[in-house]
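The values are calculated or read from the model by the stated rules, or taken from the named source; none is laboratory data. Values in this document were obtained by computation on a predicted structure and should not be read as measured data. No Cβ is skipped: glycine too gets one built from the backbone with ideal geometry, and neighbour counts run over all protein chains shown.
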Amino acid sequence: MSDGHSPFTGKAFTKFLKHGLSLLISTSIGIGIYTSLTEGRMTAEPLATANMTGFFYAVVLHLLIGFSGKYVTARHPDYIGQYFTAVSGIRFLSVLAMLAVCYFSVNTEDAATYALLLLLYYLITVAFHTVFFSHIIYKKS
């Protein structure tokens with residue numbers, strides 16, 4: 001990693017944004033289809049609202065991680081491992097903050113729906129980032 005070349009620019013950065021956003025959009029569409037199928041059996045409005053909240057949270061987080069990763073690794077490619085560790089902590093703290101905001105802003109019956117969908121989006125981003133970043137690190141070493 002000390003050759004001065006950043007592993008998270010160019011094609012890797014484009015793939016990160018494209019594949020991550022595709023995964024989040026397909027998850028949101030899948031939950032939307034599930035919401036439309038369960039409309040008669042349960043209240044669909046909290047599920048749809050929670051889906052959009054989780055989706056926008058995950059997209060904003062994904063874009064922030066992507067652009068900050070490009071910025072950091074372009075200037076300090078030797079610190080890519082530390083950057084990914086910091087991203088993991090920030091991602092965890094951000095989902096805790098979002099869970100707290102949702103808990104205090106929605107009624108008690110809908111809080112579980114929000115929490116489950118936020119955790120679903122959190123786990124999807126964790127899995128995607130883990131696979132993608134480990135691929136980048138092992139490919140460049």
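Which pairs do you get when a residue that is farther than 12 Å from Thr113 by Cβ and at pLDDT 65 or above, found in the stretch 27-47, comes within reach of a residue that is β-branched (Val, Ile, Thr) and assigned to a helix (DSSP H, G or I), reach meaning Cβ atoms under 7 angstrom, with the pair 6+ apart or on two chains?
Thr27/Ile124
Counting only residues that are over 18 Å from Phe56 (Cβ atoms) and of a type in the set (Asp, Glu), how many does the stretch 96-136 have?
1
Look through Val87, Val72 and report the one residue that is within 18 Å of the chain's Cα centre (by Cα) and either assigned to a helix (DSSP H, G or I) or exposed (fewer than 14 other Cβ atoms within 10 Å of the Cβ) (or both).
Val87
Does Val101 satisfy being crowded, with 18+ Cβ neighbours inside 10 Å and part of a helix (DSSP H, G or I)?
Spelling it out, it is not the case that Val101 is crowded, with 18+ Cβ neighbours inside 10 Å and part of a helix (DSSP H, G or I).
Which residue out of Tyr114, Tyr122 is modelled with pLDDT of 90 or more, assigned to a helix (DSSP H, G or I), buried (at least 18 other Cβ atoms within 10 Å of the Cβ) and of a type outside the set (Gly, Ala, Ser)?
The match here is Tyr122.
Give the number of residues within the stretch 19-33 that are buried (at least 16 other Cβ atoms within 10 Å of the Cβ) and either closer than 12 Å to Ile124 by Cβ or of a type in the set (Asp, Glu) (or both). Explain how you work it out, then say what you get.
Of all residues in the stretch 19-33, those buried (at least 16 other Cβ atoms within 10 Å of the Cβ) come to 20, 23-24, 27-28, 31-32.
This time we only want the ones that are either closer than 12 Å to Ile124 by Cβ or of a type in the set (Asp, Glu) (or both), so: 20, 23-24, 27-28, 31.
Residues in the stretch 19-33 being buried (at least 16 other Cβ atoms within 10 Å of the Cβ) and either closer than 12 Å to Ile124 by Cβ or of a type in the set (Asp, Glu) (or both): 6 in total.
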